[in-house]
Amino acid sequence: MERRTFVLSAGAIVGGGGLALGTGAFDSVEAERDVSITVADDADGYLSIRPHDGPNGAYATMDDGELAVELTDDNGAVAGDGVNANALTGVANLFTIQNQGTNEVELAVSPLTFLDVSGSIFPPSIDGVLGVLLVPQSGSWSVDPDRGVLSITDLAPGEETDFSLAAVAFPESAIDEVEIDDELLITAEA
Amino acid sequence: MGALASGAAAMVGTGAFTSVTAARDIDVAVADDASAYLRLKGTDSHYVTDDGDGGTLALDLSGDNATPSGGSGVNPNAVTEFGSLFEIANQGTQPVTVEVTKSGQHPDAVAFEDGNGDALADGIELAVGESADISLVVDTTDNAIDVDEQLVDSVVFHAVDN
């Protein structure tokens with residue numbers, strides 16, 4: 001008998017609660033709901049930024065899920081420590097950007113050229129020059145003069161474009177004298 | 001709760017983003033010839049004036065780099081061989097063919113060869129991590145070559161993926 005009494009009083013409390021909700025008169029409601037947002041690494045993001053799957057993808061690293069172009073001795077995947085001086089170096093198919101979303105997007109990459117010069121212009125005394133150029137390998141790309149960015153329009157869902165790199169360093173004294181340590185800004189807009 | 005959870009899952013599934021902006025690092029260094037992607041490393045030879053360790057490879061077989069005993073060049077009307085002057089190694093990520101082109105008065109008089117006697121002018125294939133030991137053969141038997149002429153003044157190495 002004592003158990004039955006307990007059940008009845010519980011029902012009365014529930015009924016009272018329902019009445020309060022019906023009037024809409026409440027002071028506060030706190031309700032927890034699930035919203036699931038996952039941070040993917042660059043390769044699996046909606047905009048996939050990943051090393052190329054060919055051998056030159058080794059010049060790009062993935063650190064904490066972020067791609068970095070790494071042509072220095074910090075890149076343990078490649079035996080060499082950097083580009084040769086007095087030389088032109090081309091690295092084809094270095095990294096890939098793919099639209100893994102559902103909308104067609106315009107991809108913008110900036111800057112396209114990186115330059116480090118050591119020395120003085122007047123009087124001319126150049127200790128070192130290093131120029132690095134990024135070149136998209138596929139897709140119809142153009143340079144947007146208003147924004148100063150490389151623009152690849154109409155990158156459809158699933159579509160990708162590979163990027164290559166060219167570097168020129170001179171003279172011999174450029175060794176360990178000039179270095180590109182910069183950032184590449186990648187924007188995709190629907 | 002069940003309805004909301006499935007709604008969130010559907011949003012992730014569509015992946016319909018309007019804008020993504022990401023800044024990524026790009027680092028490029030200039031290395032000396034000994035540690036660059038195309039390694040050119042001179043051996044401990046008198047004729048190697050820069051071994052590529054801290055600089056770029058340089059060879060000098062002229063009066064500017066006379067031997068301690070007075071030699072200041074190759075003999076006329078003779079074939080002179082120099083073994084193991086430098087090493088070429090592929091420190092990149094792809095197999096490459098390395099070729100050399102020479103410029104100067106008599107580029108044909110100068111030949112670079114690997115350990116198998118294959119001419120570098122014809123291209124030598126190097127797998128990733130592979131190296132070739134380069135020797136030099138100077139042939140001055142051509143009558144057009146005169147004493148005190150400079151045979152070559154520079155060479156260009158090309159490494160291109162196969």
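Observations on the structure shown:
- Selection status of B:Val147, at pLDDT 95 or above and either more than 30 Å from A:Pro51 (Cα to Cα) or surrounded by 20 or more Cβ atoms within 10 Å (Cβ to Cβ) (or both): no
- The lone criterion from (1) of a type outside the set (Val, Ile, Thr); (2) within 9 Å of chain B (Cβ to nearest Cβ); (3) farther than 28 Å from B:Val128 by Cα; (4) out of contact with any strand residue (DSSP E or B) (no Cβ under 7 Å at 6 or more places or on another chain) left unmet by A:Leu47 is number (4).
- Residues of segment B:56-78 that are within 29 Å of A:Asn84 (Cα to Cα) and either among the aliphatic types (A, V, I, L, M) or surrounded by fewer than 18 Cβ atoms within 10 Å (Cβ to Cβ) (or both): B:Leu57, B:Ala58, B:Leu59, B:Asp60, B:Leu61, B:Ser62, B:Gly63, B:Asp64, B:Asn65, B:Ala66.
- For segment A:56-94, a tally of residues being more than 7 Å from chain B (Cβ to nearest Cβ) and in contact with a helix residue (DSSP H, G or I) (Cβ under 8 Å, 6 or more places away or on another chain) returns 8.
- Remark: B:Thr141 falls outside the filter, which requires a residue to be touching a residue at least 40 places away in the same chain (Cβ under 8 Å) and in a strand (DSSP E or B).
- Every residue from segment A:121-141 that is touching a strand residue (DSSP E or B) at 6+ places or on another chain (Cβ under 6 Å) and of a type outside the set (A, V, I, L, M, F, W, C): A:Ser125, A:Asp127, A:Gly128, A:Gly131, A:Pro136, A:Gln137, A:Ser138, A:Gly139
Yes/no per residue for (1) within 12 Å of chain B (Cβ to nearest Cβ); (2) in contact with a His (Cβ under 7 Å, 6 or more places away or on another chain); (3) among the polar types (S, T, N, Q); (4) without any contact (Cβ under 8 Å) to a residue 24 or more places away in the chain:
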position	(1), (2), (3), (4)
A:Gly128	yes, no, no, no
A:Gln137	no, no, yes, no
A:Ser140	no, no, yes, yes
A:Asp144	no, no, no, no
A:Arg147	no, no, no, no
A:Asp162	no, yes, no, no
A:Ala166	yes, no, no, no
A:Phe170	yes, no, no, no
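- If the condition is being over 15 Å from A:Ser164 (Cα atoms) and surrounded by fewer than 18 Cβ atoms within 10 Å (Cβ to Cβ), then segment A:101-117 contributes A:Thr102, A:Asn103, A:Glu104, A:Glu106, A:Leu115, A:Val117.
- One residue stands out in segment A:178-190 among those that are under 18 Å from A:Thr72 (Cα atoms) and either more than 7 Å from every other protein chain (Cβ to nearest Cβ) or among the hydrophobic types (A, V, I, L, M, F, W, C) (or both): the one that is nearest to the chain's Cα centre (by Cα), namely A:Leu184.
- Of all residues in segment B:109-121, one or more are touching an Asp or Glu at 6+ places or on another chain (Cβ under 8 Å), outside any strand (DSSP E or B), over 30 Å from A:Tyr59 (Cα atoms) and at pLDDT 95 or above.
Results for (1) modelled with pLDDT of 75 or more; (2) outside any loop (DSSP other than H, G, I, E, B), shown as yes or no for each residue.
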residue	(1), (2)
A:Leu8	no, yes
A:Gly11	no, yes
A:Gly17	no, yes
A:Val35	yes, no
A:Ala43	yes, yes
A:Ile49	yes, yes
A:Leu67	yes, yes
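- Note on segment B:24-55: among residues that are in contact (Cβ under 8 Å) with a residue 40 or more places away in the chain and within 13 Å of A:Ala79 (Cα to Cα), the one that is surrounded by the fewest Cβ atoms within 10 Å (Cβ to Cβ) is B:Ser35.
- Screening A:Asp74 on (1) farther than 28 Å from A:Asp44 by Cα; (2) in a loop (DSSP other than H, G, I, E, B) shows it passes everything except condition (1).
- With respect to the stated conditions, A:Asp53 fails to be surrounded by fewer than 21 Cβ atoms within 10 Å (Cβ to Cβ), more than 8 Å from chain B (Cβ to nearest Cβ) and within 12 Å of the chain's Cα centre (by Cα).
The values are calculated or read from the model by the stated rules, or taken from the named source; none is laboratory data. Just so it is clear, the structure is predicted and the values come from calculations on it, not from any experiment. Please note: Cβ atoms are built from the backbone with ideal geometry, for glycine as well, and neighbour counts cover all protein chains shown.
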